[in-house]
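Comments concern the structure below.
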Amino acid sequence: MRPSLEGGRRLLSWILGGVVLGALMGGISPASGQKVGFLGEIFLNFLMMLVAPLVMTSMIVGVTNLGDFRKLGRIGWQTLAYYIATTGISVVIGIALVNVIRPGAGLIPTEARRSVQRGEFSFVQVVVGFVPKNIFEAMVEMKVLPLIVFSLLFGGALSAAGERGRTAVDFFRAVNEALMKLVHLIMYFAPLGVFGLVAARLGKAGGWEEFGPELSRVLSYSLTVLLGLTAHGALVLPLILWTLGGRRVVTYASRMSPALLTAFSTASSSATLPVTIECVVRRNEVSEEVAGFVLPLGATVNMDGTALYEAVAAIFIAQAYNIPLSPVQQMVVFLTATLASIGAAGIPQAGLVTMVMVLKAVDLPLEGIAMILTVDWLLDRFRTTVNVWGDSVGSAVLERVRSRT
Ligand code: ASP
(Lines give C-alpha, C1' and ligand atoms only; values in the text may rest on other atoms or scores of the structure.)
Protein backbone atom coordinates (compact mmCIF):
# COMPACT_ATOMS: atom_id res chain seq x y z
CA MET A 1 0.00 0.00 0.00
CA ARG A 2 1.47 3.32 -1.06
CA PRO A 3 0.96 6.33 1.24
CA SER A 4 -1.26 8.99 -0.29
CA LEU A 5 0.67 11.32 -2.55
CA GLU A 6 -0.72 14.34 -0.76
CA GLY A 7 0.45 13.01 2.62
CA GLY A 8 3.83 12.07 1.15
CA ARG A 9 4.35 15.55 -0.24
CA ARG A 10 3.39 17.20 3.01
CA LEU A 11 5.84 15.02 4.95
CA LEU A 12 8.53 15.79 2.43
CA SER A 13 8.08 19.55 2.81
CA TRP A 14 8.28 19.18 6.57
CA ILE A 15 11.51 17.18 6.33
CA LEU A 16 12.97 19.69 3.90
CA GLY A 17 11.92 22.47 6.27
CA GLY A 18 13.72 20.61 9.07
CA VAL A 19 16.98 20.54 7.11
CA VAL A 20 16.77 24.23 6.17
CA LEU A 21 15.83 25.36 9.68
CA GLY A 22 18.58 23.17 11.14
CA ALA A 23 21.16 24.76 8.82
CA LEU A 24 19.92 28.22 9.81
CA MET A 25 19.86 27.56 13.53
CA GLY A 26 23.17 25.70 13.76
CA GLY A 27 24.77 28.17 11.37
CA ILE A 28 23.68 31.32 13.13
CA SER A 29 23.69 30.16 16.72
CA PRO A 30 25.99 27.15 17.17
CA ALA A 31 25.22 26.87 20.90
CA SER A 32 21.46 26.61 20.38
CA GLY A 33 22.08 24.25 17.47
CA GLN A 34 23.90 21.87 19.75
CA LYS A 35 21.13 22.10 22.32
CA VAL A 36 18.57 20.65 19.93
CA GLY A 37 20.94 17.82 19.02
CA PHE A 38 18.99 15.46 21.28
CA LEU A 39 16.14 15.45 18.73
CA GLY A 40 18.55 14.15 16.13
CA GLU A 41 19.86 11.55 18.53
CA ILE A 42 16.37 10.24 19.21
CA PHE A 43 15.69 9.99 15.47
CA LEU A 44 18.99 8.25 14.84
CA ASN A 45 18.35 5.79 17.64
CA PHE A 46 14.90 5.03 16.24
CA LEU A 47 16.42 4.25 12.87
CA MET A 48 19.34 2.28 14.20
CA MET A 49 17.15 0.14 16.43
CA LEU A 50 15.47 -1.10 13.25
CA VAL A 51 18.51 -1.69 11.06
CA ALA A 52 19.63 -5.14 12.27
CA PRO A 53 16.16 -6.75 12.46
CA LEU A 54 15.12 -5.14 9.19
CA VAL A 55 18.22 -6.23 7.30
CA MET A 56 17.73 -9.79 8.51
CA THR A 57 14.00 -10.09 7.94
CA SER A 58 13.94 -8.31 4.59
CA MET A 59 16.83 -10.45 3.33
CA ILE A 60 15.23 -13.66 4.57
CA VAL A 61 11.85 -12.69 3.09
CA GLY A 62 13.55 -11.64 -0.16
CA VAL A 63 15.50 -14.88 -0.48
CA THR A 64 12.55 -17.11 0.39
CA ASN A 65 10.33 -15.20 -2.09
CA LEU A 66 12.90 -15.78 -4.80
CA GLY A 67 12.59 -19.47 -4.19
CA ASP A 68 15.85 -21.14 -4.99
CA PHE A 69 19.55 -20.47 -4.85
CA ARG A 70 19.88 -20.37 -8.66
CA LYS A 71 17.57 -17.37 -8.95
CA LEU A 72 19.40 -15.76 -6.07
CA GLY A 73 22.71 -16.42 -7.79
CA ARG A 74 21.47 -14.74 -10.97
CA ILE A 75 20.18 -11.62 -9.25
CA GLY A 76 23.31 -11.62 -7.07
CA TRP A 77 25.60 -11.41 -10.09
CA GLN A 78 23.42 -8.84 -11.79
CA THR A 79 23.41 -6.70 -8.65
CA LEU A 80 27.19 -6.89 -8.29
CA ALA A 81 27.66 -6.06 -11.97
CA TYR A 82 25.39 -3.02 -11.62
CA TYR A 83 27.21 -1.88 -8.48
CA ILE A 84 30.68 -2.25 -9.96
CA ALA A 85 29.71 -0.56 -13.24
CA THR A 86 28.08 2.47 -11.62
CA THR A 87 30.84 2.85 -9.04
CA GLY A 88 33.39 2.68 -11.86
CA ILE A 89 31.58 5.40 -13.81
CA SER A 90 31.48 7.68 -10.77
CA VAL A 91 35.23 7.24 -10.15
CA VAL A 92 35.98 8.07 -13.78
CA ILE A 93 33.92 11.27 -13.43
CA GLY A 94 35.84 12.18 -10.27
CA ILE A 95 39.26 11.49 -11.81
CA ALA A 96 38.41 13.47 -14.95
CA LEU A 97 37.15 16.49 -13.00
CA VAL A 98 40.03 16.64 -10.53
CA ASN A 99 42.53 16.48 -13.40
CA VAL A 100 40.81 19.27 -15.29
CA ILE A 101 40.07 21.58 -12.35
CA ARG A 102 43.30 20.80 -10.47
CA PRO A 103 42.01 22.10 -7.10
CA GLY A 104 45.23 21.14 -5.29
CA ALA A 105 47.66 22.88 -7.65
CA GLY A 106 49.64 25.60 -5.90
CA LEU A 107 48.10 24.84 -2.53
CA ILE A 108 50.72 24.74 0.19
CA PRO A 109 49.78 21.97 2.57
CA THR A 110 50.96 23.79 5.70
CA GLU A 111 48.25 22.36 7.93
CA ALA A 112 49.39 18.93 6.87
CA ARG A 113 51.95 19.08 9.61
CA ARG A 114 49.18 18.70 12.11
CA SER A 115 49.06 15.12 13.26
CA VAL A 116 46.37 12.94 11.78
CA GLN A 117 44.85 9.95 13.38
CA ARG A 118 45.82 7.19 11.02
CA GLY A 119 43.20 4.56 10.59
CA GLU A 120 44.51 1.22 9.41
CA PHE A 121 42.57 -0.47 6.69
CA SER A 122 43.12 -3.87 5.21
CA PHE A 123 40.90 -5.25 2.51
CA VAL A 124 41.66 -8.84 3.51
CA GLN A 125 40.34 -8.11 7.01
CA VAL A 126 37.19 -6.69 5.49
CA VAL A 127 36.66 -9.92 3.55
CA VAL A 128 37.30 -12.07 6.64
CA GLY A 129 34.77 -9.90 8.50
CA PHE A 130 32.04 -10.87 5.99
CA VAL A 131 31.50 -14.07 7.92
CA PRO A 132 30.07 -13.41 11.38
CA LYS A 133 31.57 -15.41 14.19
CA ASN A 134 28.62 -14.44 16.32
CA ILE A 135 25.40 -13.14 14.81
CA PHE A 136 24.34 -11.46 18.04
CA GLU A 137 27.58 -9.53 18.15
CA ALA A 138 27.00 -8.52 14.52
CA MET A 139 23.53 -7.31 15.49
CA VAL A 140 24.74 -5.40 18.52
CA GLU A 141 27.49 -3.71 16.54
CA MET A 142 25.24 -3.15 13.52
CA LYS A 143 27.66 -4.93 11.21
CA VAL A 144 25.46 -5.13 8.16
CA LEU A 145 27.56 -7.30 5.85
CA PRO A 146 27.94 -10.25 8.23
CA LEU A 147 24.20 -10.05 8.90
CA ILE A 148 23.55 -10.17 5.17
CA VAL A 149 25.74 -13.24 4.77
CA PHE A 150 23.96 -15.03 7.61
CA SER A 151 20.48 -14.05 6.39
CA LEU A 152 21.24 -15.14 2.83
CA LEU A 153 22.35 -18.55 4.01
CA PHE A 154 19.51 -18.86 6.49
CA GLY A 155 16.88 -17.78 3.94
CA GLY A 156 18.31 -20.22 1.42
CA ALA A 157 18.22 -23.02 3.98
CA LEU A 158 14.61 -22.20 4.87
CA SER A 159 13.63 -22.36 1.20
CA ALA A 160 15.41 -25.68 0.88
CA ALA A 161 13.47 -26.98 3.90
CA GLY A 162 10.27 -26.52 1.87
CA GLU A 163 7.04 -27.20 3.77
CA ARG A 164 8.87 -27.80 7.04
CA GLY A 165 10.29 -24.28 6.89
CA ARG A 166 6.90 -22.69 6.18
CA THR A 167 6.10 -21.55 9.75
CA ALA A 168 9.44 -19.81 10.13
CA VAL A 169 9.07 -18.12 6.74
CA ASP A 170 5.63 -16.81 7.74
CA PHE A 171 7.05 -15.65 11.04
CA PHE A 172 9.80 -13.62 9.39
CA ARG A 173 7.34 -12.20 6.86
CA ALA A 174 5.07 -11.00 9.68
CA VAL A 175 7.97 -9.51 11.62
CA ASN A 176 9.17 -7.75 8.48
CA GLU A 177 5.71 -6.32 7.91
CA ALA A 178 5.53 -5.00 11.47
CA LEU A 179 8.99 -3.45 11.23
CA MET A 180 7.99 -1.66 8.03
CA LYS A 181 4.97 -0.25 9.82
CA LEU A 182 7.29 1.05 12.52
CA VAL A 183 9.50 2.74 9.91
CA HIS A 184 6.40 4.39 8.50
CA LEU A 185 5.52 5.68 11.95
CA ILE A 186 9.02 6.89 12.71
CA MET A 187 9.01 8.98 9.54
CA TYR A 188 6.57 11.33 11.24
CA PHE A 189 9.39 12.20 13.60
CA ALA A 190 11.83 12.78 10.72
CA PRO A 191 11.27 16.56 10.36
CA LEU A 192 12.27 17.15 13.99
CA GLY A 193 15.02 14.55 13.77
CA VAL A 194 16.74 15.98 10.71
CA PHE A 195 16.38 19.47 12.16
CA GLY A 196 18.25 18.35 15.30
CA LEU A 197 20.92 16.46 13.37
CA VAL A 198 21.76 19.29 10.99
CA ALA A 199 21.60 22.04 13.63
CA ALA A 200 23.83 20.13 16.06
CA ARG A 201 26.47 19.18 13.50
CA LEU A 202 26.77 22.67 12.12
CA GLY A 203 26.78 24.00 15.68
CA LYS A 204 29.62 21.63 16.54
CA ALA A 205 31.60 22.97 13.56
CA GLY A 206 31.22 26.47 15.06
CA GLY A 207 28.36 27.70 12.88
CA TRP A 208 28.82 29.47 9.55
CA GLU A 209 31.13 32.03 11.13
CA GLU A 210 33.79 29.46 12.00
CA PHE A 211 33.03 26.85 9.38
CA GLY A 212 32.81 29.34 6.48
CA PRO A 213 36.55 30.16 6.50
CA GLU A 214 37.45 26.45 6.87
CA LEU A 215 35.36 25.70 3.82
CA SER A 216 36.78 28.54 1.77
CA ARG A 217 40.35 27.29 2.31
CA VAL A 218 39.56 24.13 0.38
CA LEU A 219 36.71 25.57 -1.61
CA SER A 220 37.82 24.44 -5.01
CA TYR A 221 38.41 20.88 -3.73
CA SER A 222 34.94 20.86 -2.16
CA LEU A 223 33.40 22.24 -5.33
CA THR A 224 35.15 19.59 -7.43
CA VAL A 225 33.69 16.84 -5.21
CA LEU A 226 30.24 18.45 -5.34
CA LEU A 227 30.38 18.92 -9.09
CA GLY A 228 31.31 15.26 -9.55
CA LEU A 229 28.55 14.13 -7.20
CA THR A 230 26.04 16.30 -9.06
CA ALA A 231 27.14 14.96 -12.44
CA HIS A 232 26.80 11.39 -11.23
CA GLY A 233 23.66 11.86 -9.13
CA ALA A 234 21.75 14.23 -11.39
CA LEU A 235 22.84 13.04 -14.84
CA VAL A 236 24.32 9.54 -14.94
CA LEU A 237 22.06 7.80 -12.41
CA PRO A 238 18.83 9.40 -13.73
CA LEU A 239 19.83 8.34 -17.23
CA ILE A 240 20.32 4.77 -16.00
CA LEU A 241 17.03 4.91 -14.11
CA TRP A 242 15.18 6.07 -17.20
CA THR A 243 16.80 3.84 -19.80
CA LEU A 244 17.51 0.63 -17.87
CA GLY A 245 14.96 1.02 -15.06
CA GLY A 246 12.13 2.31 -17.26
CA ARG A 247 11.05 4.76 -14.56
CA ARG A 248 10.03 8.39 -14.67
CA VAL A 249 12.96 10.09 -13.03
CA VAL A 250 11.18 12.99 -11.34
CA THR A 251 8.44 10.81 -9.86
CA TYR A 252 10.89 8.16 -8.67
CA ALA A 253 13.24 10.75 -7.17
CA SER A 254 10.51 12.70 -5.43
CA ARG A 255 9.21 9.52 -3.84
CA MET A 256 12.76 8.79 -2.70
CA SER A 257 13.27 12.23 -1.17
CA PRO A 258 12.56 11.31 2.48
CA ALA A 259 15.36 8.74 2.22
CA LEU A 260 17.70 11.15 0.45
CA LEU A 261 17.12 13.84 3.07
CA THR A 262 17.61 11.31 5.85
CA ALA A 263 20.87 10.24 4.22
CA PHE A 264 21.96 13.87 4.10
CA SER A 265 21.11 14.43 7.75
CA THR A 266 22.53 11.22 9.21
CA ALA A 267 25.54 10.79 6.88
CA SER A 268 24.98 7.07 7.21
CA SER A 269 23.69 4.72 4.50
CA SER A 270 23.10 2.01 7.11
CA ALA A 271 21.06 4.21 9.45
CA THR A 272 19.05 5.41 6.43
CA LEU A 273 18.36 1.86 5.27
CA PRO A 274 14.93 1.51 6.92
CA VAL A 275 13.75 4.70 5.20
CA THR A 276 15.32 3.65 1.89
CA ILE A 277 13.42 0.35 2.00
CA GLU A 278 10.19 2.17 2.87
CA CYS A 279 10.58 4.59 -0.06
CA VAL A 280 11.66 1.97 -2.59
CA VAL A 281 9.11 -0.69 -1.67
CA ARG A 282 6.11 1.26 -0.43
CA ARG A 283 6.36 4.43 -2.46
CA ASN A 284 8.07 3.31 -5.64
CA GLU A 285 6.55 -0.15 -5.59
CA VAL A 286 9.67 -2.20 -6.25
CA SER A 287 9.09 -5.79 -5.20
CA GLU A 288 10.20 -6.86 -1.74
CA GLU A 289 12.34 -9.69 -3.02
CA VAL A 290 14.44 -7.38 -5.16
CA ALA A 291 14.61 -4.45 -2.73
CA GLY A 292 15.14 -6.75 0.26
CA PHE A 293 18.24 -8.08 -1.40
CA VAL A 294 19.58 -5.09 -3.36
CA LEU A 295 19.21 -2.40 -0.69
CA PRO A 296 20.88 -3.94 2.39
CA LEU A 297 23.75 -5.08 0.18
CA GLY A 298 23.94 -1.68 -1.49
CA ALA A 299 24.00 0.19 1.82
CA THR A 300 27.39 -1.28 2.61
CA VAL A 301 28.86 -2.24 -0.74
CA ASN A 302 27.57 0.23 -3.32
CA MET A 303 28.93 3.70 -2.61
CA ASP A 304 29.24 5.70 -5.79
CA GLY A 305 29.59 8.99 -3.93
CA THR A 306 32.27 7.67 -1.60
CA ALA A 307 34.29 6.19 -4.47
CA LEU A 308 34.19 9.46 -6.40
CA TYR A 309 35.21 11.44 -3.35
CA GLU A 310 38.10 9.10 -2.51
CA ALA A 311 39.55 9.42 -6.01
CA VAL A 312 39.19 13.22 -6.03
CA ALA A 313 40.67 13.54 -2.54
CA ALA A 314 43.68 11.34 -3.30
CA ILE A 315 44.56 13.17 -6.51
CA PHE A 316 43.92 16.52 -4.79
CA ILE A 317 46.46 15.56 -2.11
CA ALA A 318 48.98 14.58 -4.82
CA GLN A 319 48.48 17.96 -6.50
CA ALA A 320 48.88 19.86 -3.23
CA TYR A 321 52.16 18.06 -2.48
CA ASN A 322 53.21 18.52 -6.08
CA ILE A 323 53.58 14.79 -6.64
CA PRO A 324 52.81 13.98 -10.27
CA LEU A 325 50.75 10.83 -10.82
CA SER A 326 51.38 8.84 -13.99
CA PRO A 327 48.44 7.37 -15.95
CA VAL A 328 49.24 3.97 -14.42
CA GLN A 329 49.12 5.48 -10.94
CA GLN A 330 45.79 7.12 -11.77
CA MET A 331 44.58 3.69 -12.81
CA VAL A 332 45.68 2.39 -9.41
CA VAL A 333 43.70 5.24 -7.81
CA PHE A 334 40.70 4.16 -9.89
CA LEU A 335 40.94 0.55 -8.69
CA THR A 336 41.72 1.26 -5.06
CA ALA A 337 39.06 3.98 -4.74
CA THR A 338 36.50 1.49 -6.02
CA LEU A 339 37.68 -1.17 -3.57
CA ALA A 340 37.94 1.31 -0.69
CA SER A 341 34.34 2.40 -1.25
CA ILE A 342 33.21 -1.24 -1.19
CA GLY A 343 35.12 -1.73 2.06
CA ALA A 344 33.76 1.43 3.70
CA ALA A 345 30.99 0.82 6.23
CA GLY A 346 27.75 2.76 5.84
CA ILE A 347 28.55 5.02 8.76
CA PRO A 348 29.63 8.68 9.01
CA GLN A 349 33.05 9.41 7.55
CA ALA A 350 33.95 5.78 6.97
CA GLY A 351 35.34 6.83 3.60
CA LEU A 352 37.98 8.93 5.29
CA VAL A 353 39.43 5.83 6.94
CA THR A 354 39.38 3.58 3.89
CA MET A 355 41.07 6.33 1.88
CA VAL A 356 44.30 5.35 3.61
CA MET A 357 44.32 2.37 1.26
CA VAL A 358 44.17 4.62 -1.82
CA LEU A 359 46.91 6.93 -0.54
CA LYS A 360 49.18 4.03 0.38
CA ALA A 361 48.70 2.36 -2.99
CA VAL A 362 50.23 5.31 -4.81
CA ASP A 363 52.60 6.34 -2.03
CA LEU A 364 50.97 9.63 -1.12
CA PRO A 365 51.51 11.26 2.28
CA LEU A 366 48.80 10.18 4.70
CA GLU A 367 49.19 13.55 6.42
CA GLY A 368 47.47 15.03 3.40
CA ILE A 369 44.18 13.91 4.93
CA ALA A 370 44.55 16.75 7.45
CA MET A 371 43.85 19.24 4.66
CA ILE A 372 40.39 17.91 4.02
CA LEU A 373 39.50 16.81 7.53
CA THR A 374 37.57 19.87 8.65
CA VAL A 375 35.20 19.91 5.68
CA ASP A 376 34.76 16.18 5.49
CA TRP A 377 31.64 16.00 7.65
CA LEU A 378 29.79 18.23 5.18
CA LEU A 379 30.98 16.46 2.02
CA ASP A 380 30.13 13.17 3.73
CA ARG A 381 26.48 14.19 3.75
CA PHE A 382 26.43 14.85 0.04
CA ARG A 383 28.25 11.64 -0.86
CA THR A 384 26.00 9.57 1.43
CA THR A 385 22.97 11.04 -0.38
CA VAL A 386 24.44 9.90 -3.72
CA ASN A 387 25.26 6.49 -2.21
CA VAL A 388 21.63 5.98 -1.18
CA TRP A 389 20.35 7.31 -4.51
CA GLY A 390 22.60 4.83 -6.32
CA ASP A 391 21.10 1.93 -4.33
CA SER A 392 17.57 3.13 -5.02
CA VAL A 393 18.19 3.44 -8.75
CA GLY A 394 19.77 -0.03 -8.63
CA SER A 395 16.56 -1.49 -7.16
CA ALA A 396 14.47 -0.18 -10.06
CA VAL A 397 16.99 -1.36 -12.64
CA LEU A 398 17.33 -4.83 -11.14
CA GLU A 399 13.57 -5.16 -10.76
CA ARG A 400 13.23 -4.56 -14.51
CA VAL A 401 16.12 -6.81 -15.41
CA ARG A 402 14.62 -9.62 -13.32
CA SER A 403 11.18 -9.25 -14.84
CA ARG A 404 12.71 -9.58 -18.28
CA THR A 405 14.95 -12.59 -17.66
N1 ASP B 1 28.99 8.07 5.24
C2 ASP B 1 29.03 7.29 4.04
C3 ASP B 1 27.84 6.35 4.01
O4 ASP B 1 27.33 5.96 5.02
C5 ASP B 1 30.33 6.54 3.90
C6 ASP B 1 31.45 7.51 3.68
O7 ASP B 1 31.65 7.94 2.55
O8 ASP B 1 32.09 7.92 4.63
O9 ASP B 1 27.39 5.99 2.94
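The values are calculated or read from the model by the stated rules, or taken from the named source; none is laboratory data. What you see is a predicted model; the values in this text were computed from it and never measured. Neighbour counts run over all protein chains shown; Cβ positions are idealised from the backbone, glycine included. What goes into the accessible areas is simple: the full protein's heavy atoms, side chains included, and nothing from ligands, DNA or RNA. Shrake-Rupley method; radii C 1.70, N 1.55, O 1.52, S 1.80 Å.
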* Asked: Taking the Cβ-Cβ separation of Met49 and Ala157 as r and a Förster radius of 35 Å, what is the calculated FRET efficiency to the nearest 0.05?
  -> 0.85
* Asked: In whole Å, what are the Cα extents of the range 156-228 along the three principal axes, biggest one first?
  -> 64, 29, 18
* Can you list which of the trypsin sites (Lys or Arg not before Pro) found in the range 129-185 are DSSP loop residues with at most 10 other C-beta atoms within 10 Å? => Lys133
* **Candidates Phe334, Phe46, Phe130: whichever shows maximal mean-square fluctuation once the chain is modelled as a Gaussian network with Cα springs under 10 Å** => Phe130
* **Percent of C-alpha pairs per 5 Å bin, the range 185-338, short to long** => 2, 8, 12, 17, 18, 16, 13, 9, 5, 1, 0
* Just name one of Asn302, Val126, Ile323: the one whose Cα is farthest towards the positive end of the charge dipole of the chain (beta-carbon charges, Lys/Arg +1, Asp/Glu -1). => Asn302
* To do: Using a Förster distance of 41 angstrom, determine the FRET efficiency expected from the C-beta separation of Ala31 and Leu226, and round it to 0.05.
  => 0.90
* How much length, in nm to one decimal, is gained on full extension between Ala174 and Leu80, taken as 0.36 nm per residue of separation minus their Cα-Cα distance? -> 31.0 nm
* Asked: What list of ³J(HN,Hα) couplings, whole Hz, do you get for the range 232-239 from phi and the Karplus terms 6.51, -1.76, 1.60, once you set θ to phi - 60° and write x for glycine and proline?
  -> 6, x, 9, 10, 5, 5, x, 5
* To do: Give the relative contact order (percent, whole number) for the chain; include only Cα pairs under 8 Å separated by 6+ residues.
  => 32
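Sort the range 234-292 into rounded, prolate or oblate with this rule: let a ≥ b ≥ c be the square roots of the eigenvalues of the Cα gyration tensor; rounded if a/c is under 1.5, and if a/c is not under 1.5, prolate when a/b is larger than b/c, oblate otherwise.
Values: a/c = 1.96, a/b = 1.30, b/c = 1.51.
Here the range 234-292 falls in the oblate category.
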* Can you tell me the dipole magnitude for the chain around its Cα centre, using point charges on the Cβ only (Lys, Arg +1; Asp, Glu -1), in Debye to the nearest 20? => 700
* Asked: Pulled fully out, how much extra length does the chain show between Gln349 and Arg164, if you take 0.36 nm times their separation in residues and subtract their Cα-Cα distance?
  -> 62.2 nm
* To do: Pull up the cross-link candidates among the lysines for Lys133, meaning alpha carbon to alpha carbon under 21 Å and not fewer than 8 places away within one chain.
  => Lys143
* For the chain: Kirkwood Rh in Å [reciprocal of mean 1/r, alpha carbons] -> 21.5
* To do: Report the one residue of Ile135, Leu12, Ala267 whose Cα lies farthest in the direction of the positive end of the charge dipole of the chain (charges on C-beta: Lys and Arg +1, Asp and Glu -1; origin at the Cα centre).
  => Leu12
* May I ask for the Kirkwood hydrodynamic radius of the range 307-405, worked out over all distinct Cα pairs and given in angstroms to one decimal? => 14.5
* **Solvent exposure, largest accessible area first (probe 1.4 Å, DNA, RNA and ligands not counted), of Asp380, Asp68** => Asp68, Asp380
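At 15 angstrom or more along the helix axis (alpha-carbon based) and mean Kyte-Doolittle of 1.0 or higher, what helices does the chain contain? Whole DSSP H runs only. Intermediate values should be presented prior to the final figure.
Values: long enough: 5-28 (34 Å, 1.12); 37-66 (42 Å, 1.70); 69-101 (47 Å, 1.08); 144-161 (25 Å, 2.16); 166-186 (30 Å, 0.67); 190-204 (21 Å, 1.12); 207-217 (16 Å, -1.14); 219-230 (16 Å, 1.54); 249-266 (24 Å, 0.79); 288-301 (19 Å, 1.18); 304-320 (24 Å, 1.04); 327-343 (24 Å, 1.28); 350-361 (18 Å, 1.88); 369-404 (49 Å, 0.29).
Sorted by number, the helices that extend far enough and score high enough are 5-28, 37-66, 69-101, 144-161, 190-204, 219-230, 288-301, 304-320, 327-343, 350-361.
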* Under 15 Å, Cβ to Cβ, from Asp380 - net charge with Lys/Arg +1 and Asp/Glu -1 -> 0
* **the range 136-270: Rg to Rh, with Rh as the Kirkwood radius over Cα pairs** => 1.08
